[in-house]
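Reading through the structure tokens given below for one structure.
The values are calculated or read from the model by the stated rules, or taken from the named source; none is laboratory data. Everything numeric in this text was worked out from a predicted model, so none of it was measured. All Cβ positions, glycine included, derive from the backbone under ideal geometry; neighbour counts span all protein chains shown. These area figures cover heavy atoms from the full protein model, side chains too; ligands, DNA and RNA do not enter into them. Shrake-Rupley method; radii C 1.70, N 1.55, O 1.52, S 1.80 Å.
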Amino acid sequence: MSPSLRSRLSTYLLPAATAAALIVLWYVLKAVFQVPSFVLPAPHEILVAAWEERSFLWPAALVTVRGALLGFSAAVGVGFLLAMALGFSPRVKASLYPLILVLQMMPVTILAPIFVLWLGQGLPSIVAITFMIGFFPVVANTTMGFISVDRNLRELFVMCNATRAQEARYLRIPGAMPYFLTGMKIAGTLAPIGAIVGDFLAGSAQGGVGGIGYMTISYFSQLKTPALFATGLVACVMGFVFVGGVNWLHWRLLHLWHDSMVKKE
Amino acid sequence: MNAAPLVAIRGLQKRFGAGPLVLDGINLEVGQGEFVSFIGPSGCGKSTLLRLIAGLTSASDGLITVDGTPPEKAREKMFFVFQDATLMPWRRVAENVELPLLLRGDAPGHRRERVARMLEVVGLSGAAEKFPWQLSGGMRMRVSIARALTVAPEILLLDEPFGALDEMTRDRLNEDLLAIRSRNSFTGFFVTHSVAEAVFLSSRIVVLGVNPGRVTAVIDVPFPYPRQPELRETPAFLRLLATTAQALRAVRS
């Protein structure tokens, strides 16, 4: 067996086989213990439910994606700018960073009703909640990137009589990119979750369409368990799409030069 | 030395914070076209002395002037080559070499031309589009030197640039450095641990002692430039090697 075939085998075949085994186990347990479908639906029932509910789930997914995208963009944009301020000025960092930590310690479940009070039910609150969940990893990582600039490189810029703006543009920002992208990856994983949780806590069906979180509540109250599981499936797919997008960006920006990407022979 | 010295150091003292004296009573005058090596045991402050001349750190007492002005004001006349190549991993070789010109605000056409010429000088024209990780340690150091040469500095400060390289590569780069200097004349300051390197490159060797770093010996190297690799095997060279090694040993004991 060639090494490339072997590696492909372990990348795709092993997880697929494990998944297949778990699905079989699922059917077996359901049959043996005679679990009713409103408690634990069978995998095919979930797929059927997802198909039958597609006229609700698809628009709901779009609503959630919109919330996640907006919240994620805000987290990345604000996070980057804030990190820049923190990374460039030790004084700003000393005065602001502890407060950001305090904010981060605040559970979303407590923030959510406050946002609803301020912004009302619906998209603005959902975006705010997604933002709150995603912005800290961006700030923490990117700040680290701005701070950990190679000392010699900084002195090189001093020798060149570089201005602060030049140092930022040619040294600190490109140097912080790997850190920024790592923060972005974490935020990307959290964004769909944030949007669903936000929708769950602050969502509304204004205009007839709620997000995935809203649908979860609705299916739960109707005891439509297969459909409830189907929302989980949709959330999973959304998460992969988001992370895939960020991974692609990561690869685009770093694959030529960064240690984590280049193939060393 | 008939004209005023290019670099003058008088009664220089350096300590970091409230720490002990790192350098004490340093007096040195270096004229244009000299190549001065600082050699001494670890912790003798030779790198600090180089950084003082570069204006990267300031003297606790005493005076340093570069071309009659404080070092910080003479930076455009100088360039620094760091211990490791200090390249930006995200910029290609040519972009790394271009950086000082870019920061200085030179026009793109001039930058391209200059970068191509300097890469040719260090023998890396073929590697212009590579990234630093694709190069060997010796090649990276050549890139670093090419970058320093783009601005045609009057003074080149080299802080143990070849310390991490194997002996063959180091010898080769020593020869190349002298060849480059014969075309792009600069006054050189060179920090090293290696006696052979110091003797081969320098017109003058300054031996520094420890605790605090003081000049314990100054050795003139009489061999004319250009120097050939064969110089290393001549009796005169070996004698001077011995003299320098003795001066260095005297410091350690």
Task: Residues located in segment A:174-199, provided they are within 14 Å of another protein chain (Cβ to nearest Cβ) and without any contact (Cβ under 8 Å) to a residue 60 or more places away in the chain - done: A:PRO174, A:GLY175, A:TYR179
Open item on the list: For segment A:115-161, give me each residue that is open to solvent by 20 Å² or more (accessible area, probe 1.4 Å), aliphatic (A, V, I, L, M) and more than 23 Å from A:VAL209 (Cα to Cα).
Closed with: A:MET132, A:ILE133, A:ALA140, A:MET144, A:ILE147, A:VAL149, A:VAL158
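So which residues in segment B:27-45 are over 17 Å from B:PRO212 (Cα atoms) and assigned to a loop (DSSP other than H, G, I, E, B), if there are any at all? Show your work before the answer.
Going residue by residue through segment B:27-45, those that are over 17 Å from B:PRO212 (Cα atoms) are B:29-37.
Passing the criteria: B:GLY31, B:GLN32, B:GLY33, B:GLU34.
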- [ ] Identify the residue in segment B:128-150 that is open to solvent by 20 Å² or more (accessible area, probe 1.4 Å) and not aliphatic (A, V, I, L, M) and, among all such residues, is nearest to the other protein chains (Cβ to nearest Cβ).
- [x] B:TRP133
Task: Residue selected from segment B:85-127 under the condition part of a loop (DSSP other than H, G, I, E, B) and within 15 Å of A:CYS160 (Cα to Cα), by the criterion nearest to the other protein chains (Cβ to nearest Cβ) - done: B:THR86
Open item on the list: Out of B:SER125, B:SER144, I need the residue that is at pLDDT 95 or above and of a type in the set (S, T, N, Q). Which one?
Closed with: B:SER144
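Looking only at helices (runs of 4 or more DSSP H) that fall completely inside segment A:111-213, which ones have 2 or more residues that are in contact with a Lys or Arg (Cβ under 9 Å, 6 or more places away or on another chain)?
On the way: elements: A:123-147, A:151-159, A:164-167, A:173-202.
So the answer is A:123-147, A:151-159, A:173-202.
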Open item on the list: Among the numbered criteria (1) crowded, with 17+ Cβ neighbours inside 10 Å; (2) among the hydroxyl-bearing types (Ser, Thr, Tyr); (3) part of a loop (DSSP other than H, G, I, E, B), which one does B:THR48 miss?
Closed with: (3)
Task: Only one of B:PHE38, B:PHE82 that is within 10 Å of chain A (Cβ to nearest Cβ), in contact (Cβ under 8 Å) with a residue 60 or more places away in the chain, buried (at least 20 other Cβ atoms within 10 Å of the Cβ) and not aliphatic (A, V, I, L, M) - done: B:PHE82
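Looking at A:THR11, A:THR64, A:THR18 in this structure, which one is in contact with a helix residue (DSSP H, G or I) (Cβ under 8 Å, 6 or more places away or on another chain), in a helix (DSSP H, G or I), within 30 Å of A:VAL246 (Cβ to Cβ) and among the polar types (S, T, N, Q)? Full working, then the answer.
Values: A:THR11 fails: in contact with a helix residue (DSSP H, G or I) (Cβ under 8 Å, 6 or more places away or on another chain); A:THR18 fails: in contact with a helix residue (DSSP H, G or I) (Cβ under 8 Å, 6 or more places away or on another chain).
Unique residue meeting the criteria: A:THR64.
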TODO: Considering each of A:VAL149, A:VAL138, A:VAL246, A:VAL241 in turn, give the residue that is at pLDDT 95 or above and β-branched (Val, Ile, Thr).
DONE: A:VAL138
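Just checking, how many residues over segment B:53-79 are within 13 Å of another protein chain (Cβ to nearest Cβ), of a type outside the set (Val, Ile, Thr) and not in a strand (DSSP E or B)?
Qualifying residue count for the region: 11.
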- [ ] Could you pull out the residue among B:ARG114, B:ARG75 that is buried (at least 18 other Cβ atoms within 10 Å of the Cβ), closer than 30 Å to A:HIS255 by Cβ and free of Cβ contacts under 8 Å to residues at least 60 places away in the same chain?
- [x] B:ARG114
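For segment B:182-253, list the strands (runs of 3 or more DSSP E) that sit wholly inside it and hold at least 3 residues that are open to solvent by 40 Å² or more (accessible area, probe 1.4 Å); which are they?
It comes to B:215-220.
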Open item on the list: Contact list please: Cβ distance under 6 Å, first residue in segment A:21-36 and over 16 Å from A:THR225 (Cβ atoms), second residue open to solvent by less than 70 Å² (accessible area, probe 1.4 Å), pairs at least six apart or on different chains.
Closed with: A:ILE23/A:PRO43
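Identify all residues within segment A:78-92 that are within 15 Å of A:VAL127 (Cα to Cα) and open to solvent by 30 Å² or more (accessible area, probe 1.4 Å); write none if there are none. Quick ask: steps written out before the conclusion?
Keep residues of segment A:78-92 that are within 15 Å of A:VAL127 (Cα to Cα), which gives A:78-79.
A:VAL78 - this is the single residue of segment A:78-92 that is within 15 Å of A:VAL127 (Cα to Cα) and open to solvent by 30 Å² or more (accessible area, probe 1.4 Å).
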- [ ] Take the residues in segment B:151-162 that are open to solvent by 10 Å² or more (accessible area, probe 1.4 Å) and under 10 Å from B:PHE82 (Cα atoms), then tell me which one is nearest to the chain's Cα centre (by Cα).
- [x] B:ASP159
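Is it the case that some residue within segment A:70-78 is in a helix (DSSP H, G or I), among the aliphatic types (A, V, I, L, M) and more than 30 Å from A:LEU228 (Cα to Cα)?
Step one: list which residues in segment A:70-78 are in a helix (DSSP H, G or I), which gives A:70-78.
Adding the requirement that they be among the aliphatic types (A, V, I, L, M) leaves A:70, A:74-76, A:78.
Within this subset, residues satisfying the condition of being more than 30 Å from A:LEU228 (Cα to Cα) are A:76, A:78.
So far as segment A:70-78 goes, yes, one or more of its residues are in a helix (DSSP H, G or I), among the aliphatic types (A, V, I, L, M) and more than 30 Å from A:LEU228 (Cα to Cα).
When you look at A:LEU253, is it in a helix (DSSP H, G or I), within 14 Å of chain B (Cβ to nearest Cβ) and either touching a helix residue (DSSP H, G or I) at 6+ places or on another chain (Cβ under 8 Å) or surrounded by fewer than 20 Cβ atoms within 10 Å (Cβ to Cβ) (or both), yes or no? So that I can check it myself, show each step before the final result.
Values: in a helix (DSSP H, G or I): yes; within 14 Å of chain B (Cβ to nearest Cβ): yes; either touching a helix residue (DSSP H, G or I) at 6+ places or on another chain (Cβ under 8 Å) or surrounded by fewer than 20 Cβ atoms within 10 Å (Cβ to Cβ) (or both): yes.
The answer is yes for A:LEU253.
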Open item on the list: As an exercise: evaluate A:ALA230 against (1) more than 30 Å from B:PRO89 (Cβ to Cβ); (2) open to solvent by 20 Å² or more (accessible area, probe 1.4 Å) and give the number of the one condition it does not meet.
Closed with: (2)
